1. Answer yes or no: is there a residue in region 27-40 that is open to solvent by 80 Å² or more (accessible area, probe 1.4 Å) and touching a residue at least 12 places away in the same chain (Cβ under 8 Å).
2. Of the residues that make up region 47-67, is at least one open to solvent by less than 60 Å² (accessible area, probe 1.4 Å), aliphatic (A, V, I, L, M) and modelled with pLDDT under 95?
3. Please name all residue pairs, on different chains or six or more residues apart, with Cβ atoms under 6 Å, provided the first residue is in region 1-23 and is within 19 Å of Gln40 (Cβ to Cβ) and the second residue is open to solvent by less than 60 Å² (accessible area, probe 1.4 Å) and among the small types (Gly, Ala, Ser).
4. Report whether or not Glu59 is part of a helix (DSSP H, G or I) and out of contact with any Phe, Trp or Tyr (no Cβ under 6 Å at 6 or more places or on another chain).
5. Against the conditions (1) surrounded by 11 or more Cβ atoms within 10 Å (Cβ to Cβ); (2) over 15 Å from the mean Cα position of the chain (by Cα); (3) of a type in the set (Ser, Thr, Tyr), where does Ser10 fall short? Just the number, please.
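The values are calculated or read from the model by the stated rules, or taken from the named source; none is laboratory data. These numbers were taken from a predicted model, which means no experiment stands behind them. All Cβ positions, even for glycine, are placed from backbone atoms using ideal geometry, and neighbour counts span all protein chains on display. We work out accessible area using only protein heavy atoms, side chains counted, and drop any ligands, DNA or RNA first. Shrake-Rupley method; radii C 1.70, N 1.55, O 1.52, S 1.80 Å.
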Amino acid sequence: AYDPCSCINSGAWILAQEIHRHGPTWRAVGFYNSTRPEIQKRYAARVKTALPEASKLVEEWKTGHYE
């Protein structure tokens, strides 16, 4: 629980399992978080909202240009 690499690997494995079950969909993202549809939708919406900023941070990290 305190090792960031293990946490990232575990999360990636769980998400990969959901993508395998549901395809590359927002439903798979929701299932990563919960089996309850109302919680899935809320979580997937939050991820979708955060995605542009996360993508920007990844690009900055890859290029070494941080703002």
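1. Looking for residues that are open to solvent by 80 Å² or more (accessible area, probe 1.4 Å) and touching a residue at least 12 places away in the same chain (Cβ under 8 Å), one finds at least one in region 27-40, hence yes.
2. yes
3. Glu18/Ala28; Ile19/Ala28; His22/Ala28
4. Numbers: part of a helix (DSSP H, G or I): yes; out of contact with any Phe, Trp or Tyr (no Cβ under 6 Å at 6 or more places or on another chain): yes.
In short, yes.
5. The failed condition is (2).
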